[in-house]
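Right, one structure below, let's go through it.
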Amino acid sequence: MNFDSPDPSEIIAASLTLFGEKNIAVVSSFGAESVVLLHLIAQHSQDVPVFFIDTRKHFSETHNYRKTLIDELGLRDVRILNPTERDLADKDPTGELHKTDPDSCCAVRKINPLIEVRSQFQAWFTGRKRYQAATRSKLQIFEFENGGAKINPLAGMSNDDVSNYVSEHDLPRHPMTYMGYPSIGCEPCTQPADADDPRTGRWSGFKKTECGIHSKPDPTETTV
Ligand code: SF4
């Protein structure tokens, strides 16, 4: 591996060798750029566990796209996580918590469902890239914390790299990318945005820029 400019595919191959394909997982939002990491992983193994957190606030297009990618990439171990009924009843009974307290909403609908599974794996692939946000500008490829590893094979990819990869491999794009959505999460918290600054389309009106599963205490990460 060239450590000055590591190839994402080589990073994934080395990680799978190091940890084993059943000890490493990925959380995918099946959003705008998710296909790149999922395709790269599937070239090495279609049995790597892929977790999708069904917040119950996703666009219907995202659910359909998930099914498309499972079929097209041959993903054999996609698992759905859900918020608990108890959490929803206690903390978001009206389903409108995102309007007043998106951090708590993300905790109920994204972070809590991951808690049980995160310790079951030694490492997690993420799809984060440095270009996506100022908060990611110094992102390292390998991060170790709390006994777990986060591996960011795409850290050095640019917006153009991502788009070119999708085109070169003739991969299906999320249909909403054709409607001006360069970053796609839950429906109430996603707006069209400039492709060069995709995270500005998330949580419009709030200072929030990350869902919280990117925070230090959690060794997991989404591909968005
Ligand atoms: S992205 Fe919005 S709707 Fe989804 S869990 Fe977070 S605050 Fe709630």
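Output the residue which, of all residues in the range 24-45 that are in a loop (DSSP other than H, G, I, E, B) and in contact with a Leu (Cβ under 9 Å, 6 or more places away or on another chain), is surrounded by the fewest Cβ atoms within 10 Å (Cβ to Cβ). Lay out the reasoning, then the answer.
Looking only at the range 24-45, we keep the residues that are in a loop (DSSP other than H, G, I, E, B), and these are 28-33, 45.
From the residues that got through so far, the ones that are in contact with a Leu (Cβ under 9 Å, 6 or more places away or on another chain) too are 28, 30, 33, 45.
Values: Ser28: 25, Phe30: 26, Glu33: 28, Ser45: 17.
My answer is Ser45.
Here's the yes/no breakdown for (1) of a type in the set (Lys, Arg); (2) farther than 17 Å from Gly127 by Cβ:
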{"site": "Ser28", "(1), (2)": "no, no"}
{"site": "Phe59", "(1), (2)": "no, yes"}
{"site": "Leu73", "(1), (2)": "no, no"}
{"site": "Arg109", "(1), (2)": "yes, yes"}
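Within the range 62-169, considering only helices (runs of 4 or more DSSP H) that don't extend past its boundaries, which have at least 3 residues that are free of Cβ contacts under 8 Å to residues at least 12 places away in the same chain?
Counting at least 3 such residues, we get 85-91, 159-168.
Whether any residue in the range 165-179 is surrounded by 16 or more Cβ atoms within 10 Å (Cβ to Cβ), within 17 Å of the chain's Cα centre (by Cα), modelled with pLDDT under 85 and within 16 Å of the ligand (Cβ to nearest atom) is what I want to check.
Looking through the range 165-179, none of the residues is surrounded by 16 or more Cβ atoms within 10 Å (Cβ to Cβ), within 17 Å of the chain's Cα centre (by Cα), modelled with pLDDT under 85 and within 16 Å of the ligand (Cβ to nearest atom).
Considering each residue of the range 78-100, count those that are surrounded by 15 or more Cβ atoms within 10 Å (Cβ to Cβ) and over 16 Å from the mean Cα position of the chain (by Cα), and give that number.
Here the count works out to 7.
For the range 105-120, indicate whether the set of residues that are farther than 26 Å from Leu88 by Cβ and of a type in the set (Gly, Ala, Ser) is non-empty.
Checking the range 105-120: not a single residue is farther than 26 Å from Leu88 by Cβ and of a type in the set (Gly, Ala, Ser).
In the set Asp71, Asp87, which member is at negative phi and within 15 Å of the ligand (Cβ to nearest atom)?
Matching residue, one of Asp71, Asp87: Asp87.
Could you check, for the range 181-195, whether at least one of its residues is modelled with pLDDT under 75, surrounded by 17 or more Cβ atoms within 10 Å (Cβ to Cβ), among the β-branched types (Val, Ile, Thr) and within 16 Å of the ligand (Cβ to nearest atom)?
So far as the range 181-195 goes, no, none of its residues is modelled with pLDDT under 75, surrounded by 17 or more Cβ atoms within 10 Å (Cβ to Cβ), among the β-branched types (Val, Ile, Thr) and within 16 Å of the ligand (Cβ to nearest atom).
Taking the condition closer than 30 Å to Ala89 by Cα, out of contact with any Asp or Glu (no Cβ under 6 Å at 6 or more places or on another chain), small (Gly, Ala, Ser) and outside any loop (DSSP other than H, G, I, E, B), does Ala13 pass?
No.
The values are calculated or read from the model by the stated rules, or taken from the named source; none is laboratory data. Remember, it's a predicted structure, so these values are computed and weren't measured experimentally. No Cβ is skipped: glycine too gets one built from the backbone with ideal geometry, and neighbour counts run over all protein chains shown.
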